[in-house]
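Participant: One structure is given below, represented as structure tokens, and several questions about it will come after.
The values are calculated or read from the model by the stated rules, or taken from the named source; none is laboratory data. It should be emphasised that the depicted structure is a prediction, and the values quoted were computed from it without experimental measurement. Glycine gets a Cβ as well: all are built from the backbone with ideal geometry, and neighbour counts include every protein chain shown.
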Amino acid sequence: MSKIKFGTDGWRAVISEDFTFENVKIVAQAIADFVKAKKKPIYRKRKIVVGYDTRFLSKEYAEALSCVLAANGIKVVLSDKACATPAVCVCIKEKKLTGGVVITASHNPFNYNGIKYKGFFAGSAGSDIIDDIERRLDKSPVKTLSLDKAVKKKLIVVEDIVSAQLKLIKEYARMKVLKKTKLKVLVDSMHGTGERYLEEILKGTKIKLDFIHDSINPGFEGRAPEPNETKLGELMARVKKGKYDLGVATDGDADRLAIVDEKGKILTGHQIMGLMLLHLLKNRKMTGGVVQTICGTVQINRICEKYGLKMHETPVGFKYICDVMTKNNILIGGEETGGVAFKNYVPERDGFLSALLIMELVAIEKKPLSQIVKDVQKEFGKFVYIRSDQVFSEAKRKKLIKGLKEKPLEKVLNKRVVDIKDYDGTKFICEDGSWLLIRLSGTEPKLRIYCETASEKRSQKYIEAGKKYAISLM
């Protein structure tokens, strides 16, 4: 029996341990069985796009998966090169495909790989789809064809799917604004699928782009391609020293990003989402609701209150955000890790588009990015968000979950808890609006502790209090 378990964003495992060609083919067969069992017209089309990232053997895994789909009578559009995850979603949307698969482990360390499944709606598949695929694992013998035979039979068509994504981004962005500005931007592609695509998108503008870590390196120089403060020291230092207007970093599959201001300070994912929401509202005059996860920021709530926007909250995982976006009139949906989706694009994160919208904002406001952030804090309040991760034994999961339920906090430090949300982890909301969230990761064996307060010092104290509380439940 294969050790395959889908988490909040697909299946991820260590290469050659659980992530093997055999298991990739088992997942492919389950996907094929799932598609063949469905009766909707879109499933009867039986055509899937397959993309892959820059990790070790990703291309070969993508080919193996494609060959299984082809052997089951499902036509495949196979990317001709490593691509960002949103390129797969754009392909689904434009070609009206049955779905899509991406071979990627996103931000995980170099020794991991994974599989993401995207639905016919061009976004992350929800639990209904993923659970259905999981139930079919190991239920049917794996069928396969050779790649040459599948291509010859035109069951697999190898083509460029990146160009369509870049074209759609250029249509969405205000290129007239970007052509006039003389911003100086440093980009860290983290050896992922971001490569130098921003250069291609911004060709013909006056924006000066410089790149670091833009070559393909499956080992990522030993640094996991996760765009956060612990991994982006070089970008932060070089932005400040080189007098750049901002820095941009994209993660392993370029669906998420980090932003660094001109002073070398990294913005939180919450700040990025807040800036883009205000940009769409004020400078683009767009409308619609907002969706964020349980670890979202109070700042977004306050922006929604001022502009009279409907606010939606979901568990952690972009599949939940995607579900709300496909069923409601949503302007922007995002998570705390820098992944944001926008109205009239696809219901999926795109690091390139997010980067362009931040550049647009700075160009229109004609102020340093740090000043724009200060202005937002002045109007909506300052919120300091911190997340702390620690390795957590799978054996202790049940005990922690039971403890959180039976011994909830009544106070966090000296602040009284006035509300508790427990639909994804346990979130303690205090009388002053500050909060502490304790939850187990759905993609890694980790305990995550999150908080948001009005100061750096207090947020650090909340994190320490959260750690002590979690330990006490063991």
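Participant: Kindly evaluate GLU410 against the criterion of being under 25 Å from PRO86 (Cβ atoms) and either among the small types (Gly, Ala, Ser) or outside the structural domain of PHE120 (by TED's automatic domain parsing) (or both).
Facilitator: For GLU410, the condition - under 25 Å from PRO86 (Cβ atoms) and either among the small types (Gly, Ala, Ser) or outside the structural domain of PHE120 (by TED's automatic domain parsing) (or both) - is not met.
Participant: Still on this model: For region 431-450, name all the residues that are of a type in the set (A, V, I, L, M) and crowded, with 20+ Cβ neighbours inside 10 Å.
Facilitator: LEU436, LEU437, ILE438, LEU447, ILE449
Participant: If you don't mind, there's one more thing I want to ask. Would you be able to say whether some residue in region 266-285 is part of a loop (DSSP other than H, G, I, E, B), under 22 Å from PRO227 (Cβ atoms) and touching a strand residue (DSSP E or B) at 6+ places or on another chain (Cβ under 7 Å)?
Facilitator: Applying the first criterion (part of a loop (DSSP other than H, G, I, E, B)) to region 266-285 yields 267-268, 284-285.
Among the residues that remain, those that are also under 22 Å from PRO227 (Cβ atoms) are: 267-268.
Subset that is touching a strand residue (DSSP E or B) at 6+ places or on another chain (Cβ under 7 Å): 267-268.
Yes.
Participant: Can I ask one more? For VAL391, indicate whether it is of a type in the set (Val, Ile, Thr) and at pLDDT below 95.
Facilitator: Values: of a type in the set (Val, Ile, Thr): yes; at pLDDT below 95: yes.
Spelling it out, VAL391 is indeed of a type in the set (Val, Ile, Thr) and at pLDDT below 95.
Participant: Given the criterion under 30 Å from LYS5 (Cα atoms), without any contact (Cβ under 8 Å) to a residue 60 or more places away in the chain and outside the structural domain of ILE130 (by TED's automatic domain parsing), identify the matching residue among ASP422, ASP432. Give the steps one after another, and end with the answer.
Facilitator: Details: ASP432 fails: under 30 Å from LYS5 (Cα atoms).
So the residue among ASP422, ASP432 that is under 30 Å from LYS5 (Cα atoms), without any contact (Cβ under 8 Å) to a residue 60 or more places away in the chain and outside the structural domain of ILE130 (by TED's automatic domain parsing) is ASP422.
Participant: With respect to ASP80, is the statement that it is of a type outside the set (Lys, Arg), surrounded by fewer than 18 Cβ atoms within 10 Å (Cβ to Cβ) and assigned by TED's automatic domain parsing to the domain that holds ILE130 true?
Facilitator: Values: of a type outside the set (Lys, Arg): yes; surrounded by fewer than 18 Cβ atoms within 10 Å (Cβ to Cβ): yes; assigned by TED's automatic domain parsing to the domain that holds ILE130: yes.
Judged against the criteria, ASP80 is a match.
Participant: When region 220-239 is examined, which residues are found to be part of a helix (DSSP H, G or I) and either touching a residue at least 40 places away in the same chain (Cβ under 8 Å) or assigned by TED's automatic domain parsing to the domain that holds ASP389 (or both)?
Facilitator: PHE220, GLY222, GLU234, LEU235, ARG238, VAL239
Participant: Hey, can you tell me all the residues within region 137-168 that are assigned to a helix (DSSP H, G or I) and touching a residue at least 60 places away in the same chain (Cβ under 8 Å)? Don't jump to the end; show me each part of the working.
Facilitator: We begin by selecting, within region 137-168, every residue assigned to a helix (DSSP H, G or I); these are 147-152, 162-168.
If the condition is that a residue be assigned to a helix (DSSP H, G or I) and touching a residue at least 60 places away in the same chain (Cβ under 8 Å), then LEU147, ALA150, VAL162, ALA164, GLN165, LEU166, LEU168 are the ones that fit.
Participant: Applying the selection to region 240-258, what residues are surrounded by 24 or more Cβ atoms within 10 Å (Cβ to Cβ) and either assigned to a strand (DSSP E or B) or touching a helix residue (DSSP H, G or I) at 6+ places or on another chain (Cβ under 6 Å) (or both)?
Facilitator: Those that are surrounded by 24 or more Cβ atoms within 10 Å (Cβ to Cβ) and either assigned to a strand (DSSP E or B) or touching a helix residue (DSSP H, G or I) at 6+ places or on another chain (Cβ under 6 Å) (or both): GLY247, VAL248, ALA249, THR250, ASP253, ALA254, ASP255, ARG256, LEU257, ALA258.
Participant: Just one of ARG136, ARG174, ARG196 is touching an Asp or Glu at 6+ places or on another chain (Cβ under 6 Å), under 21 Å from ILE26 (Cα atoms) and modelled with pLDDT of 95 or more; which is it? Lay out the reasoning, then the answer.
Facilitator: Details: ARG174 fails: under 21 Å from ILE26 (Cα atoms); ARG196 fails: under 21 Å from ILE26 (Cα atoms).
After ruling out the rest, the residue left standing is ARG136.
Participant: Scan region 49-60 residue by residue and report those that are under 21 Å from SER215 (Cα atoms) and within 23 Å of the chain's Cα centre (by Cα).
Facilitator: Across region 49-60, the qualifying residues are GLY51, TYR52, ASP53, THR54, ARG55, PHE56, LEU57, SER58, LYS59.
Participant: Let me ask something additional. I need a count of the residues in region 195-212 that are within 24 Å of CYS91 (Cβ to Cβ) and part of a loop (DSSP other than H, G, I, E, B).
Facilitator: As a first pass, look at region 195-212 and keep what is within 24 Å of CYS91 (Cβ to Cβ): 195-203.
Next, from what is left, pick out any that are part of a loop (DSSP other than H, G, I, E, B): 195-196, 202-203.
Qualifying residue count, region 195-212: 4.
Participant: The conditions are (1) crowded, with 19+ Cβ neighbours inside 10 Å; (2) touching a helix residue (DSSP H, G or I) at 6+ places or on another chain (Cβ under 7 Å); (3) not in a strand (DSSP E or B), and GLY192 fails exactly one of them. Which is it?
Facilitator: The number of the failed condition is (2).
Participant: Looking at region 1-87, what helices (runs of 4 or more DSSP H) fall wholly within it and have at least 1 residues that are at pLDDT 95 or above?
Facilitator: Numbers: elements: 21-37, 41-44, 58-71.
Correct list: 21-37, 58-71.
Participant: Quick check: is even one residue across region 379-388 at pLDDT below 95, buried (at least 19 other Cβ atoms within 10 Å of the Cβ), closer than 20 Å to VAL316 by Cβ and out of contact with any helix residue (DSSP H, G or I) (no Cβ under 8 Å at 6 or more places or on another chain)?
Facilitator: Taking every residue of region 379-388 in turn, none turns out to be at pLDDT below 95, buried (at least 19 other Cβ atoms within 10 Å of the Cβ), closer than 20 Å to VAL316 by Cβ and out of contact with any helix residue (DSSP H, G or I) (no Cβ under 8 Å at 6 or more places or on another chain).
Participant: Where in region 367-474 are there helices (runs of 4 or more DSSP H), lying wholly inside it, with at least 3 residues that are under 30 Å from MET236 (Cβ atoms) and polar (S, T, N, Q)?
Facilitator: Details: elements: 369-380, 397-406, 456-472.
Output list reads 369-380.
Quick grid of which residues meet (1) of a type in the set (A, V, I, L, M); (2) in the same structural domain as VAL376 (by TED's automatic domain parsing); (3) closer than 23 Å to LYS367 by Cα:
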{"residue": "GLY269", "(1), (2), (3)": "no, yes, yes"}
{"residue": "MET276", "(1), (2), (3)": "yes, yes, yes"}
{"residue": "LEU280", "(1), (2), (3)": "yes, yes, yes"}
{"residue": "VAL290", "(1), (2), (3)": "yes, no, no"}
{"residue": "THR293", "(1), (2), (3)": "no, no, no"}
{"residue": "MET311", "(1), (2), (3)": "yes, no, no"}
{"residue": "THR314", "(1), (2), (3)": "no, no, no"}
{"residue": "GLU335", "(1), (2), (3)": "no, no, no"}
{"residue": "ALA341", "(1), (2), (3)": "yes, no, no"}
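Participant: Could you please give the count of residues in region 390-430 that are exposed (fewer than 13 other Cβ atoms within 10 Å of the Cβ) and of a type outside the set (A, V, I, L, M, F, W, C)?
Facilitator: The qualifying residues number 15.
Participant: I need the full set of residues from region 131-147 which are surrounded by 13 or more Cβ atoms within 10 Å (Cβ to Cβ) and over 14 Å from VAL68 (Cβ atoms), in order please.
Facilitator: Hits for region 131-147 are ASP132, GLU134.
Participant: Working only within region 207-228, note down all residues that are of a type outside the set (Val, Ile, Thr), surrounded by 13 or more Cβ atoms within 10 Å (Cβ to Cβ) and more than 17 Å from LEU183 (Cβ to Cβ). Spell out the reasoning first.
Facilitator: Residues of region 207-228 that are of a type outside the set (Val, Ile, Thr), as a first pass: 208-211, 213-215, 217-228.
Filter once more, so that each one left must be surrounded by 13 or more Cβ atoms within 10 Å (Cβ to Cβ): 208-211, 213-214, 217-218, 220, 223-228.
Result: HIS213, ASP214, ASN217, PRO218, PHE220, ARG223, ALA224, PRO225, GLU226, PRO227, ASN228.
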